[in-house]
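Every number in this text was worked out from the coordinates using simple rules, so none of it is lab data. Treat the numbers as computed from the prediction; the structure is a model and nothing was measured. As a convention, Cβ positions derive from the backbone with ideal geometry for all residues, glycine included, and neighbour counts pool all protein chains shown.
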Amino acid sequence: MSEFPFEISPMFEGERVRKEGMFVELGGPKSLGLELVRAKPMDEIEDGKVTIVGPDLKDMEEGKTYPWAMIFHVGGELVEPDLESVIERRVHDFINYCQGIMHLNQRYDVWMRISKDTAAKMDSFEPFGKAVMMLFKTELPFIEKMQVTFYTDQAEVEKQMAEAMEIFKARDARTKDLHDEDVDVFYGCTLCQSFAPTNVCVVSPDRVSLCGAINWFDGRAAAKVDPEGPQFAIEKGELLDAKTGEYSGVNEVAKKLSSGEFDKIKLHSFFDAPHTSCGCFEVVGFYIPEVDGIGWVNREYQGMAPNGLGFSTMAGQTGGGKQIVGFLGIGINYFYSPKFIQADGGWNRVVWLPSMLKEKIDEAIPDDMKDKIATEKDVTDIESLKTFLKEKNHPVVANWAAEAEEEEEEEEEEEEVAAEAAPMMMPAAGFQMPAMPAMPMMSGGAGGIKLTFKNAKITIDRMIISEKKEKK
Amino acid sequence: MTRVIAITGKGGTGKTAVAALLIRYLSKKGKFLLAVDADADTNLPETLGCEDVKTVGEVKEYLQAEITKPKPDNPDMNKESILKSKVYEIIEEMPGYDLLVMGRPEGSGCYCYVNNLLRGIMDKLITNYDVVIIDAEAGLEHFSRKIIRDIDDLIVVTDASRRGFRTAERIRELVEELDSNIGRIHVIANKVTDANREELIKLAEDLKLNMIGMIPLDPKIEEMDIKGIPLFKIPDDSIAAVEIESIVKKLGF
């Protein structure tokens, strides 16, 4: 790369230009710093052109801080506005490949320093601009044409900043509107496999990671930089069931990454083949069989849920990278998903939240459900929860009646099912269940029950089957 | 290649003082150096004459709060570049060396992702320097989390007590359990007097600990401590400073 006055290599990424060795500082905590990538029609771009508005490097005073904006225009047959942010993320990488140039942060918080050594080798930002664009076109060959404008004049930077803020706002609105069906690729994360070896975290636009830290965009960015790293692409494959969020590609990955432990993960299901739970989820959901509803408790909540258990006990039950029917770990952001446990009734199934969590996610709760969901301030146990739900006419109450009728008809069958269903939970989960009622495997619906035993080791000390006597 | 040296030991043995003396000596010798305070009790900055430092712990909390917001304003933000920026921002630029303070332990949420980002940032940051000196608590938490992955030399500082040496022994066992890459383990005995010198040499031999230095009890250090003068200003000819010179040679500088 001898055509450039400084060396270019990924080796320089992370290079720190200290104050003592710095010629000038651009943007940063003390000034304005902006970077923006825009997709433009091919005929509006003069390929390789660098424009400088304001003082150039040679006109700058040593040791000073200057405002800074860089606007890249990119074009190409495959370049579309949706790619702007993907391209923009690489600005950080490519600038850092340049020796003696430190680039930090992103968007409207950009902070750069040019070292004395590098500044001594050039009097203009032009070779720097050309180097960065060369890197872009080499690494992202779908960019056919590219030009850049650097602004160092305060008024100009302010003007660019104001325009850019509107662009970022529109872009964020678009990203917030992205759903599972709009993309072909989801992302997996195996960071938690160090302590939950069979955990398979699947991150889709409508489902944030369980820890809440990784969304679909983070997955996409990380997988692009290091496809072999802890975050990687999952081709979503064929949509098997839209309601439960079942995809052939996700199932394949689930099987592979759990070493055959599971063969299915349904992204938006609570009961059937739910997402695995690692241990670092922000919130854990728990089924309350007595009301056929689901409660959620967050890590910060210190008290007990109506089932008499706290977060840590339930987290202990749920964690470890298993599919535990009756419990589900999620990231808080998932409450905002339009597909939030849609396989099992979504918000209509939610009966209890700690008040602090309910306040935090207030916006996510549908208006007609807000006063129907109890908190620790309304109820303290199952009985009071039942009364509360009945009073508020919560949608789950309608299921109670239906179930009661069924019960009468199928009394004897249920007896059998209960005997089988109760011990089945334990070996599957790999540990003792706490003292709580057995969890029925069915979710309210009518008809029979399907029991699938896989790899199950069942020990039953004693089993007594006798005729049921009416207690009156 | 960057040489990474971690200094640890039981509380009160003077490990931070030893770290400060090593930083002082090596940076005077012209080594470009990063000092890392990886003890939640953060005494190193003060010992080096630096106050009011921001910590990596605070930065982690900031990012953690930002990214686990129920509704992020900008779901597409580049978290790695933001974290890196914040870490680079809090690096204290001291004359001839940089100082980074790890600070408070993390909160109750899941830090896997943030720590994973931090690991990558630290890996690259470290390559900027000739030497990294880490003042680490005896539990070696940052190493078990692999925030700093590879250590060339682990120095356990002990005072002239049997318990101090036992800590050294335990740390050696702990290191074997961690799957971090730790090159060599050395011991420095601190606050040594003529009365206990022979005894300590024998104790180290019995425990098969590689002792690379014995720093005498230095009245100058005690005096500076009481007056609140940063240890960094210790005169070159004080007995502790002289011993540090010999230790640095034994470390192969």
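Points to keep in mind about this one:
- J(HN,Hα) series, segment A:174-186, from Karplus relation 6.51 cos²θ - 1.76 cosθ + 1.60, nearest Hz, glycine and proline x: 5, 5, 5, 9, 7, 10, 3, 6, 8, 10, 9, 10, 9
- For segment B:73-177, the square roots of the Cα gyration tensor eigenvalues, ordered a ≥ b ≥ c, give a/c of at least 1.5 with a/b greater than b/c, which places it in the prolate category.
- Most to least packed among A:219-229, B:199-209, A:86-96 [average Cβ atoms within 10 Å]: A:86-96, A:219-229, B:199-209
- Rounded to the nearest 10 degrees, the inclination of helix B:79-90 to the longest alpha-carbon principal axis of chain B is 40 degrees.
- In sequence order, calculated HN-Hα J values of segment B:8-17 (Karplus, 6.51, -1.76, 1.60; Hz; x Gly/Pro): 9, x, 4, x, x, 7, x, 5, 5, 5
- Projected onto its three principal axes, the C-alpha set of segment A:236-393 covers 45, 30, 27 Å, listed from the longest axis down.
- Shielding of A:185-192 by partner chains, average beta-carbon count, 10 Å: 1
- Compactness of segment A:183-272 is given as radius of gyration and Dmax, 12.1, 36 Å, from Cα positions.
- Note that segment A:8-172, at 37 °C in a medium of 0.692 mPa s, gets a Stokes-Einstein diffusion coefficient of 208 µm²/s from its Kirkwood radius over C-alpha pairs.
- Amide hydrogen proximity for A:THR51: with H placed 1.01 Å from N in the peptide plane, the residues at 5 or more positions away or on another chain lying under 5 Å are A:VAL148, A:THR149, A:PHE150.
- Highest mean packing comes first when the peptides A:374-385, A:30-41 are listed by Cβ atoms within 10 Å, giving A:30-41, A:374-385.
- Calculated diffusion of the protein assembly as shown, Stokes-Einstein form, Kirkwood radius summed over Cα pairs, 10 °C and 1.306 mPa s, µm²/s: 54 µm²/s
- With the convex hull of the Cα atoms taken as the outline of segment B:63-122, the averaged projected area works out to 4.8 nm².
- Using the empirical formula 2.2 N^0.38 Å as the baseline, the Cα radius of gyration of segment A:285-351 reaches a ratio of 1.07.
- Candidates B:PRO219, B:PRO235, B:PRO72, ranked by Gaussian network fluctuation over chain B, Cα under 10 Å, top entry: B:PRO72
- In nm, spacing of pseudo-spin labels at B:GLU177 and B:ASP237 (7 Å Cα→C-beta vector): 4.9 nm
- From the C-alpha gyration tensor of segment B:113-168, square roots of 5λ in Å: 27, 14, 7
- Overall dimensions of segment B:1-128 as given by Cα atoms, namely Rg and Dmax in Å: 15.9, 51
- Shielding score for A:105-116, defined as the mean number of other chain Cβ atoms within 10 Å: 3
- Hydrodynamic radius (Kirkwood) for segment A:69-154, which is based on Cα pairs only, to one decimal in Å: 13.7 Å
- B:CYS50, A:CYS201, A:CYS278, A:CYS211 arranged by Cβ crowding within 10 Å, fewest neighbours leading: B:CYS50, A:CYS211, A:CYS278, A:CYS201
- Other protein chain C-beta atoms within 10 Å of residue C-beta, averaged over A:54-66: 0.
- Pairs from B:LYS79/B:LYS250; A:LYS322/B:LYS86; B:LYS10/B:LYS220 whose Cα-Cα separation, in the structure shown, is over 31 Å: B:LYS79/B:LYS250; A:LYS322/B:LYS86
- Taking amide H atoms as placed 1.01 Å from N in the peptide plane, the amide H of A:VAL37 lies under 5 Å from those of A:PHE72, each 5 or more residues away in sequence or on another chain.
- Under 5 Å, built H, 5+ apart or other chain: amide partners of A:TRP111: A:GLY28, A:LEU104
- What the pair-distance distribution of segment B:122-253 shows, using all Cα-Cα distances binned every 5 Å from zero, is 2, 9, 18, 19, 19, 17, 12, 5, 1, 0 percent.
- Filter on A:LYS137/A:LYS159; A:LYS339/A:LYS377; A:LYS19/A:LYS58 - keep pairs with C-alpha separation over 26 Å: A:LYS137/A:LYS159; A:LYS339/A:LYS377
- Overall, the anisotropy analysis places segment B:131-196 in the prolate class: the square-rooted eigenvalues a ≥ b ≥ c of its C-alpha gyration tensor yield a/c not less than 1.5, with a/b exceeding b/c.
- Rg ratio (alpha-carbon, reference 2.2 N^0.38 Å) - chain B: 1.04
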